[in-house]
Structures are given as structure tokens and as C-alpha cells.
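Remarks on the structure that follows.
The values are calculated or read from the model by the stated rules, or taken from the named source; none is laboratory data. Owing to the predicted nature of the structure, the values given are computational and were not obtained by experimental measurement. Here the Cβ is made from the backbone with ideal geometry for all residues, glycine too, and neighbour counts use every protein chain on show. These accessible areas exclude ligands, DNA and RNA; they are computed on the full protein's heavy atoms, side chains included. Shrake-Rupley method; radii C 1.70, N 1.55, O 1.52, S 1.80 Å.
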Amino acid sequence: MSVAKPKILLSEGSSLSAREAITVLGLAGHRVELVSSDPLCLGRFSRFVGRLHRVVASGVDPDGYLAAVLEIVRTRRIDALLPVHEQAYLFAAARERLPAGLGIALADFTAFEQVQSKASLAELLARLDVPQPATTVIRSAGEFAAARNFPFFVKAAFGTASTGVWKVKDEQQRDTLAARFERDNAFAEGLLVQAAISGTLERTQAVFDHGRLIACHIYRQIVEGPSGGDVLKLSVVSAQVREIVEKIGHALNWHGALSFDYIRDEESKTPHFIDANPRLVEPMNAWLSGVDLPGALLQVSLGNSPAVQADGHTGVSTRLGLMGLLDAARQRHRRRDVLLEVLKLAANAGRYRGTREELVPLRTDPPIVIPLAAVITKLLLKPENAARLSETAVAAYSLTPKAIHRLRAWQHSA
């Protein structure tokens with residue numbers, strides 16, 4: 001499908017990934033439309049957004065969400081639907097209901113199942129001989145209580161924005177979590193227990209065209225933010241990691257965006273893969289480094305076969321100012337810390353010296369000042385709001401376990 005100015009619909013507008021995809025697509029000359037359950041979502045405030053469509057949250061009512069999106073696609077004559085977050089899994093489950101002419105890049109649902117669940121991902125990595133921490137899938141309190149070295153990590157089968165991940169430091173914390181897991185029937189889905197590895201967290205993002213890797217980028221987390229997210233990033237290049245990602249995507253015949261997190265062991269320098277996200281993830285560091293991930297995703301969505309993009313530049317340092325503010329507020333819940341962080345961001349000083357803004361680019365997209373000012377005001381009035389602000393955004397785009405069971409029911413009835 002060759003469309004000079006395709007009409008683009010993003011699957012949500014609340015996540016950091018959606019906000020950054022809007023910026024990249026806008027800077028490339030596109031305007032987009034969004035769907036969102038939140039009329040004041042972060043993505044709304046952009047000169048690159050032509051229209052926002054209010055729909056029910058995909059995690060609350062996947063059937064209602066899908067029906068609303070399909071109606072928007074029909075009435076607005078959408079050319080390309082870009083799933084910028086967990087809705088990719090939903091659309092893969094509903095593939096048979098999607099219009100034949102709609103441009104969307106999705107792997108098979110069976111491929112999604114191998115990376116969406118953390119237990120299935122561990123099995124996939126083991127089968128492909130991809131390095132990962134020592135990993136065990138447990139399904140009972142007895143297995144969870146087995147002797148193992150502290151600290152270790154325990155992960156729910158499904159989770160987003162680093163939710164459903166716990167670092168267990170001692171027996172007391174382990175036993176407290178065990179009681180919680182039994183109460184919530186979490187063992188039924190299977191929990192992943194992984195050994196802790198000392199090293200640096202890096203993330204790699206890729207776009208595939210039916211198993212062919214066409215774009216790949218890697219960045220290192222320099223400063224951790226709320227819920228394990230990033231405040232500061234640094235672009236890196238690794239032929240070894242690119243080869244691993246290419247191997248995984250080829251084995252799955254992946255079509256669309258696919259991202260991974262890994263820990264680079266500080267002694268051996270081995271990249272131990274720990275998580276997968278079958279979607280686009282915060283693409284601005286890549287864009288500023290010379291890799292256009294949303295553009296690649298758009299091209300394969302439209303049925304084109306774009307050329308393979310070269311690795312980006314190393315050493316590109318970027319920041320997510322909004323995450324920096326939330327991080328400052330959550331540390332000690334002090335207004336002076338929030339105000340100091342605002343001043344550092346404005347002056348490009350302190351830990352932000354030499355960085356480029358990727359989440360709230362005021363110069364290129366002035367309307368983003370509205371939610372930025374709103375967040376600063378809320379944090380100055382009550383710094384404890386930091387956690388609630390993050391949770392509200394995640395709820396607008398994440399899939400709940402109940403929603404995931406519903407998507408699987410779609411597959412069984414297909």
C-alpha cells in the first residue's frame with residue numbers, strides 16, 4: 001500500500017511510548033489521531049495530533065474498546081493503525097475482525113503468546129540459547145519457599161510499566177509475598193523467579209518485516225525513575241545484542257515492533273535478557289540517534305518493505321523531564337526538591353547537563369507545556385501525588401489479567 005499522507009491512528013495516548021511516537025511521526029511530517037479513555041491524556045497536547053477519540057480503556061472492556069476502534073477506522077477512513085502499547089496483543093487476538101484493507105503490522109497470536117507471558121518468554125529464550133538469569137517457573141507456595149540466594153526477583157505472568165515485579169531481599173519479605181500470592185491466586189498463572197544479576201540495565205527496540213530485522217536501537221539506563229522507568233538514557237551500539245534480537249525475531253517470524261530489556265553483567269559483559277515488550281517503546285532516543293522506529297513501523301504497516309536502517313550514533317544522552325520531576329517528588333516528598341528539579345531542567349544543569357529532552361519537547365511541540373505545568377503544580381501542592389499520577393496513566397493503557405483472559409477467549413472461539 002503506497003499512501004503519500006496516510007491517515008494514522010494510534011492505539012492510545014496516555015503512555016510515554018505514545019507521546020514519543022507522536023513526536024517522531026510529527027517531526028517526520030505526519031499528523032495522527034488518537035484513541036484514549038482519558039480526555040486529558042499526555043498525547044492530546046501536541047500540534048501533531050489532529051483528533052482524539054474517547055473510548056473505553058482496553059483493560060476494562062476489551063470488547064467495547066475493539067468495537068470503538070473499528071468504528072473509528074471505518075468512519076475516519078484510517079490507513080494505518082499503530083499499536084503503541086499493549087493493544088498490539090489485543091489486535092493480534094482480534095485479527096480476524098480487522099478490516100482487510102487496514103494497514104497494521106502484527107505477528108501471529110501464537111508468537112505474541114511466547115513473549116507476552118514472562119514464563120513463556122523464559123522458555124523461548126532457553127530454546128534459542130539466549131542468555132538469561134537463572135530462572136524457575138513456580139506454581140505453588142511450597143516451590144516459592146524453596147531455599148535460594150537473596151536477593152532474587154519474582155515476576156507475575158503479565159505486567160506493564162514494571163508492575164508485577166518484586167525484588168525479594170529476605171525471608172520475611174518472601175513470606176509476606178507468598179501470603180499475598182496465595183490470596184490473589186497468583187500461583188495459578190505461574191510466577192517467574194529469577195536470580196539477581198549485578199550489572200547495567202539496557203533496552204533494545206526493533207521493528208521486523210515478517211522476520212526480517214529492519215531497524216534496531218539500544219540505550220542504557222543511566223538514572224532509574226519511578227516504577228523502574230528511565231530518567232536519563234545513553235544510546236549504545238552492540239553487534240552481539242543486535243544479532244540476538246535478530247535471531248529471536250526470525251524464530252518468531254515477527255512482524256511489527258518488538259523490544260527487550262537485558263542486564264549486561266558487569267564482569268563478563270554478557271547481556272542477560274530479562275523482559276520483552278511486543279510493541280514500540282519510547283522511540284525518541286533512537287530518533288535523536290538516527291534510527292526511525294515509528295517510521296519503520298509505519299512502512300511495514302502499510303505493506304512496504306523498507307531498507308534496513310543502520311545503527312544509530314552512540315553516546316546520545318537524553319532525558320525524560322517529567323519522570324525526573326516525579327522521581328524528585330517521590331524520594332522525600334518535599335516541595336523544595338520538586339522546585340530544585342524544575343530549575344535544573346530549565347537550566348539544563350546538574351544531572352541533566354548535556355542531555356536532550358525526549359518526552360516534553362517544548363521547543364518543537366509547545367502544547368506539551370500544558371500537562372507539564374499541570375504536573376508541576378500538582379507536585380508542588382502535594383509531592384505525594386507522584387505515585388498516583390503514574391498509576392493513573394498506566395491504568396489508561398494497560399491490559400489487566402481479566403482482559404488477557406478475554407483475549408484468549410476470542411482466540412478459542414475463532
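A few points about this structure:
- Residue satisfying all of: in the range 196-218; of a type in the set (Gly, Ala, Ser) and at pLDDT 95 or above; surrounded by the fewest Cβ atoms within 10 Å (Cβ to Cβ) among these: Gly211
- Answer residue from the range 53-69, given it is aliphatic (A, V, I, L, M), in contact (Cβ under 8 Å) with a residue 24 or more places away in the chain and outside any loop (DSSP other than H, G, I, E, B) and is surrounded by the fewest Cβ atoms within 10 Å (Cβ to Cβ) among those: Ala68
- Contacts under 7 angstrom Cβ, first residue in the range 382-409 being within 14 Å of Gly59 (Cβ to Cβ), partner among the hydroxyl-bearing types (Ser, Thr, Tyr) and part of a helix (DSSP H, G or I), 6 or more apart: Leu399/Tyr89; Leu407/Tyr89
- Breaking point among (1) open to solvent by 30 Å² or more (accessible area, probe 1.4 Å); (2) at pLDDT below 95; (3) under 22 Å from Thr135 (Cβ atoms), for Arg183: (3)
- Hits in the range 356-411 - residues which are in contact with a His (Cβ under 8 Å, 6 or more places away or on another chain) and surrounded by fewer than 17 Cβ atoms within 10 Å (Cβ to Cβ): Glu384
- Residues located in the range 172-193, provided they are part of a helix (DSSP H, G or I) and either touching a residue at least 12 places away in the same chain (Cβ under 8 Å) or in contact with a Leu (Cβ under 6 Å, 6 or more places away or on another chain) (or both): Arg174, Asp175, Leu177, Ala178, Phe181, Glu182, Ala186, Phe187, Ala188
- On inspection, Leu340 does not qualify as assigned to a helix (DSSP H, G or I), without any contact (Cβ under 8 Å) to a residue 60 or more places away in the chain and touching a Phe, Trp or Tyr at 6+ places or on another chain (Cβ under 7 Å).
- Residue within the range 36-52 that is in contact with a His (Cβ under 7 Å, 6 or more places away or on another chain), among the hydroxyl-bearing types (Ser, Thr, Tyr), modelled with pLDDT of 95 or more and in a loop (DSSP other than H, G, I, E, B) present: no
- Residue match in the range 24-43 (condition: free of Cβ contacts under 8 Å to residues at least 60 places away in the same chain, surrounded by fewer than 18 Cβ atoms within 10 Å (Cβ to Cβ) and in contact with an Asp or Glu (Cβ under 6 Å, 6 or more places away or on another chain)): no
- Residue check for Glu12: in contact with a strand residue (DSSP E or B) (Cβ under 7 Å, 6 or more places away or on another chain) and of a type outside the set (A, V, I, L, M, F, W, C): yes
- Residue pairs meeting the criteria (Cβ under 8 Å; at least 6 apart or on separate chains; first over 17 Å from Ala105 (Cα atoms), in the range 297-312; second part of a loop (DSSP other than H, G, I, E, B) and open to solvent by 10 Å² or more (accessible area, probe 1.4 Å)): Gln309/Asp292; Ala310/Gly290; Asp311/Val237; Gly312/Val237; Gly312/Gly290
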